[in-house]
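Q: I have a structure I would like to understand better, so I am pasting it below and will then ask my questions one at a time.
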Amino acid sequence: MSLQGSQLLERLTRAVRDRRLTAFYQPIVSGRDLGVTGFESLARWNDPDLGWVPPHDFIPLAEQNGLIGAIARHLADLALGALSRWRAAGWDVGVSLNVSRGQVLEKDFCSTLTEIAAEHGVAPGWITLEVTEREAFLESPGVCEVMREAVSRGFRWSLDDFGAGYASYHCLVDLPLSELKVDMRLCQRVRDSRVKRMLQSILELAEALEIESVAEGVEDVELTALLREVGFLRLQGYQIARPMPIEATLGFLEQASGVDLARGA
Ligand code: C2E
Ligand code: CA
Ligand code: CA
């Protein structure tokens, strides 16, 4: 490992120990009426010297060095705490958690999540677990069983970055998925009429399998309109809102309920 890498690991280890990692929450809205249906939890690390370190840098480091379990538990605790606050305030929203490969195969994955959900008094049915198809692990032994166990406890699964990775049609048929999150780079090419038709057929495929659809990377008003036209059930992206700290979420929910997000007002 480079010196820079080992220093980053040392700082990350301290940040995890001191529970200084946090989460931002990005709204997910209905493609039908643009009402907020939930938030995705995204890991954030603000190092005193380095500033904000992107999750693309520290999540793989955490995975390679045995820190991901501790990070995931801490973030699940924060996110399910947030979910409990939103629900207590009367909002019918869920939360999506990113789950990495190492975590799924930890033996107490399902029981830990169930315990954290119970501690916060939130139902597993409000919690979506996102696995990315960027890594070729979905067909590894044991993964499908863990996913099925989580479903039997009430959790939902989403296949993230769909269209950018390795998931085979077998995965779509065999894994207990509730949702497909179509890769943002594909969604952002919807202005191309061939891509638009392809996205429509991805949604037909999802519908045939009784799986819901989410479009990611919705960055402007035109993309919002086109992706709604394609028929995505839910949308997520900077046009709707950037990921925000928990303190901003209740205000966002209040404001979004009275604003026409389609017009970017
Ligand atoms: P992801 O799960 O695909 O998350 C979406 C990423 O796209 C987030 O980046 C989000 O901030 C960004 N994004 C959202 N809307 C837009 C948009 O309209 N345009 C563009 N260009 N980007 C948008 P972020 O937060 O930097 O996260 C990057 C990746 O790191 C995530 O991709 C996910 O794979 C991973 N990650 C983040 N948090 C966690 C975590 O708690 N656990 C695990 N295992 N992975 C995480
Ligand atoms: Ca995700
Ligand atoms: Ca994604």
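The values are calculated or read from the model by the stated rules, or taken from the named source; none is laboratory data. Treat the numbers as computed from the prediction; the structure is a model and nothing was measured. As a convention, Cβ positions derive from the backbone with ideal geometry for all residues, glycine included, and neighbour counts pool all protein chains shown. Remember, those area values only see protein heavy atoms, side chains included, never the ligands or the DNA or RNA. Shrake-Rupley method; radii C 1.70, N 1.55, O 1.52, S 1.80 Å.
Q: Just from its helices, what would the mean residue ellipticity at 222 nm be for the chain, if runs of 4 or more DSSP H residues each count -39500 (n - 2.57) and the sum is divided by every residue, rounded to the nearest 500 deg cm²/dmol?
A: -13500 deg cm²/dmol
Q: Ok, one more. Given the options 166, 24, 206, identify the residue whose Cα lies farthest towards the positive end of the charge dipole of the chain (+1 on Cβ of Lys, Arg; -1 on Cβ of Asp, Glu).
A: Checked the options; the winner is 24.
Q: How much area per residue is accessible in the chain when the probe is 1.4 Å and only protein heavy atoms are counted (Å²)?
A: I get 48 Å² per residue for this part.
Q: Also, I was wondering about something else. Once you sort the root eigenvalues of the Cα gyration tensor of the stretch 72-169 as a ≥ b ≥ c, which label holds: rounded (a/c under 1.5), prolate (a/b larger than b/c) or oblate (the other case)?
A: Prolate, since a/c reaches 1.5 and a/b exceeds b/c.
Q: To the nearest 20 debye, what is the magnitude of the charge dipole of the stretch 1-69 about its Cα centre, counting +1 on the Cβ of each Lys and Arg and -1 on the Cβ of each Asp and Glu?
A: Using only the charged Cβ atoms, the result is roughly 180 debye.
Q: Next question, about the same structure. Give, as a single signed number, the net charge of other residues whose beta carbon lies under 14 Å from the beta carbon of residue 185, with Lys and Arg counted +1 and Asp and Glu -1.
A: Net charge around residue 185: -3.
Q: Pop a pseudo-label 7 angstrom from the Cα along the beta-carbon direction at both residue 88 and residue 50 and give the gap in nm to one decimal.
A: 3.4 nm
Q: Starting from the Cα of residue 254, step 7 Å along the direction of its Cβ; do the same at residue 210; then give the gap between the two resulting points in nm.
A: Simple spin-label model gives 4.1 nm for this pair.
Q: Compute the separation of the alpha-carbon centres of the stretch 1-36 and the stretch 162-184 and state it in Å as a whole number.
A: Spelled out, the Cα-based centre of one part sits 24 Å from the other.
Q: Okay, moving on. If contacts are Cα pairs under 8 angstrom and at least 6 residues apart, what is the relative contact order of the chain in percent?
A: 19 percent
Q: Quick test of the membrane-span-like rule: which DSSP H helices of the chain reach at least 24 Å along their long axis (C-alpha atoms) with mean Kyte hydropathy at least -0.5?
A: 68-88
Q: How many percent of the accessible area of the stretch 5-256 is carbon or sulfur, using a 1.4 Å probe?
A: Of the solvent-accessible surface of the stretch 5-256, carbon and sulfur hold 50 percent.
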